[in-house]
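One structure below.
The values are calculated or read from the model by the stated rules, or taken from the named source; none is laboratory data. This structure is a prediction, so every number in the text was calculated from the model and none was measured. Cβ: placed from backbone, ideal geometry, glycine included. Neighbour counts: every protein chain shown.
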Amino acid sequence: MTKTLIKNALLVTMDPATEDLRSGDILLVDDRIAQLAPEIHVDDAEVVDASGMVASPGFVDTHRHVWQSLLRGVAVDWSLFQYMVEMRTMYPVCYGVEEAYLGNHYGAWEALNAGVTTVVDHSHLQISEQHSDALVEGLKDAGIRGIFGYGVYRNPRYVPGEQIDPSALIVEIAGPIETFHRRNAERVREKYFPANDGLLRFGIASSEFFTFPSMEPILEELAWSRTLEPARITFHAAIGINGDVDIINDLSAAGALGDDLLMSHANCLTDEDLATIAREGGWISTTPDTELQMSGTFPVLERVVRSGRMPSLGVDIVSGFAGDMFTQMRLMLQAMRFRHNEATVPGGLPSSVKYAAADMLKYATLGGATCVGLQDEIGSITVGKKADVVLTRLDSVNTAALRDPVAALVFFANASDVEDVWVGGVARKRGGELQGVSWGSLRDRVQSARTKIDDRFARIDATAMRRAWEPVWGIAEDASLR
Ligand SMILES: [Zn+2]
């Protein structure tokens, strides 16, 4: 039996039943939160002095492409068009099996380092069986909780430097789900997720349904996905276009909506669509950084709340943004406030500010837990739940004069203020250091992998690829990227 006693923490439990308990002790026994009280005495526990620290539940990220951790920074100035050109048709072929492993392994540690204990990995780098195994093992070896969303995208399979026809490639990757993916997803499910009730669970990351011309292949793919009993079927939904099919109504008419569906973005869905989802099932992940950068429609989070559903947040592309939830909470809150101000006092000054920081913290914890079906297991510091607990310093240069722990988490903290992280009672960060991995050697492998990817990428004709995509996007020749 493993016992950890966290003493004297400032508590942000996110549990309505214990929100009045402002400070106290938390006892972790094995993988569960065993006790929460103003003071706990146990003789045989490892004691962690959390004086001057905030204890909060681990963050839950409901939409992230973990493999892109090795591409840190490439997407910071990208439009969705540029993302499609480079991330969908060029970067995947630059990943060997080792890079697939490292992308997910390093990406998982990046999340844990920032107190993200659960992640929905939308993993569309399933190029070969070996890539798939490496991607799963990368997450498993880091000990993060979450869903491995097997991505059934038709990936390009050329070798960097080889002569290809980019227009043919674009047509090829837009087709329906390949036999390879059906077999490989079933293999992965059987090999790594026989019971599918562990720390990491199996899910499906679907094709880009909103680009499909008709419902038949969508319904067929969903029916196949459901035969694998995935923890979630997750797909990109309507970030900027609503497609040729009225997907939510048509899914409803086919009886295919359900709480096993997790849609990311959903910016273009109408209030009626969201009401249908609230009634018939389905969850939404809002990813503020990508949506504010790449979409002409506003993040849907507030409308999800109004529909009666719990929303959630995601980082999405770690090739463009830091892998923490602090940034996403802050960005979403301030964008919503501005939008409200602009609508109510255009050009003027509001006399009060709408939306609360605490609500955003709820969406980043309990909201995410609800959207992945684990609201009874994680998302709050509650006796009986899994011991996914984060301690954040209130004595760093960032945070030393703070009194309000919610303000600390939503507005001031960053990953370097996260001192300790437990996932299911296992320490993944202690005293500011990652546990169970040698960061020095991981860093060296990450940096040499990045160099390898860059070398391969340089051999691909980016201009030809861009030209081939322009007509697909209705972009006039010479107008893109300028
Ligand atoms: Zn995404």
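Please go through region 52-74 and give me each residue that is within 14 Å of the ligand (Cβ to nearest atom) and part of a strand (DSSP E or B), ordered by number. Within region 52-74, ASP61, THR62, HIS63, ARG64, HIS65 qualify. Taking every residue in region 271-292 that is in the same structural domain as MET310 (by TED's automatic domain parsing) and pairing it with any residue that is hydroxyl-bearing (Ser, Thr, Tyr) and in a helix (DSSP H, G or I), at least 6 positions away or on another chain, the pairs with Cβ-Cβ distances below 6 Å are THR276/SER252; GLU280/SER252. When SER441, SER448 are checked against the criterion of being closer than 20 Å to VAL318 by Cα and either without any contact (Cβ under 8 Å) to a residue 40 or more places away in the chain or not charged (D, E, K, R) (or both), a single residue qualifies: SER448. Of the residues that make up region 164-172, is at least one more than 26 Å from SER214 (Cα to Cα) and in the same structural domain as GLN82 (by TED's automatic domain parsing)? Yes, some residue in region 164-172 is more than 26 Å from SER214 (Cα to Cα) and in the same structural domain as GLN82 (by TED's automatic domain parsing).
Confirm whether ASP49 is without any contact (Cβ under 8 Å) to a residue 24 or more places away in the chain, at negative phi and more than 15 Å from the ligand (Cβ to nearest atom). For ASP49, the condition - without any contact (Cβ under 8 Å) to a residue 24 or more places away in the chain, at negative phi and more than 15 Å from the ligand (Cβ to nearest atom) - is not met. Under the condition of being in a loop (DSSP other than H, G, I, E, B) and more than 15 Å from the ligand (Cβ to nearest atom), the residues counted in region 75-108 number 5.
The condition of being modelled with pLDDT under 95 and either under 21 Å from the mean Cα position of the chain (by Cα) or under 20 Å from ARG279 (Cα atoms) (or both) holds for only one of PHE210, PHE193, that being PHE210. Please verify whether ILE164 is farther than 28 Å from GLN375 by Cβ, away from the ligand (no atom under 15 Å from the Cβ), modelled with pLDDT under 95 and aliphatic (A, V, I, L, M), treating the condition exactly as stated. Yes: the conditions hold for ILE164. Residue-level analysis places SER295 outside the set of residues that are small (Gly, Ala, Ser) and in contact with a Ser or Thr (Cβ under 8 Å, 6 or more places away or on another chain). The strands (runs of 3 or more DSSP E) found entirely in region 371-482 that carry 2 or more residues being β-branched (Val, Ile, Thr) and within 21 Å of the chain's Cα centre (by Cα) are 389-393, 418-423. Considering THR290, THR370, the condition of being away from the ligand (no atom under 16 Å from the Cβ), modelled with pLDDT of 95 or more and either closer than 27 Å to GLY107 by Cβ or not aliphatic (A, V, I, L, M) (or both) is satisfied by THR370 alone. Within region 295-328, the residues that satisfy the criterion of being within 14 Å of the ligand (Cβ to nearest atom) and either over 17 Å from the mean Cα position of the chain (by Cα) or closer than 17 Å to HIS122 by Cα (or both) are SER295, SER312, LEU313, GLY314, VAL315, ASP316, ILE317, VAL318, SER319, GLY320, PHE321, GLY323.
Residues of region 242-252 that are among the small types (Gly, Ala, Ser) and modelled with pLDDT of 95 or more: SER252 alone. Within region 253-275, not a single residue is β-branched (Val, Ile, Thr), surrounded by fewer than 24 Cβ atoms within 10 Å (Cβ to Cβ) and at pLDDT 95 or above. Where helices (runs of 4 or more DSSP H) sit wholly within region 268-320, those with at least 2 residues that are under 23 Å from TYR83 (Cα atoms) occupy 288-294.
Using the structure shown, decide if ILE33 is part of a strand (DSSP E or B) and touching a residue at least 24 places away in the same chain (Cβ under 8 Å). So ILE33 passes the test.
Rundown of residues vs (1) crowded, with 22+ Cβ neighbours inside 10 Å; (2) in contact with an Asp or Glu (Cβ under 8 Å, 6 or more places away or on another chain); (3) not hydroxyl-bearing (Ser, Thr, Tyr), yes/no style:
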site: GLY320; (1), (2), (3): yes, yes, yes
site: GLY323; (1), (2), (3): yes, yes, yes
site: LEU331; (1), (2), (3): no, yes, yes
site: VAL345; (1), (2), (3): no, no, yes
site: GLY368; (1), (2), (3): yes, yes, yes
site: GLU377; (1), (2), (3): no, no, yes
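For the residues ARG201, ARG187, ARG183, the requirement of being of a type in the set (Lys, Arg) and surrounded by 15 or more Cβ atoms within 10 Å (Cβ to Cβ) singles out ARG201. Which condition breaks for TYR363 when tested against (1) of a type in the set (Phe, Trp, Tyr); (2) in contact with a Ser or Thr (Cβ under 9 Å, 6 or more places away or on another chain); (3) assigned to a loop (DSSP other than H, G, I, E, B)? The number of the failed condition is (3).
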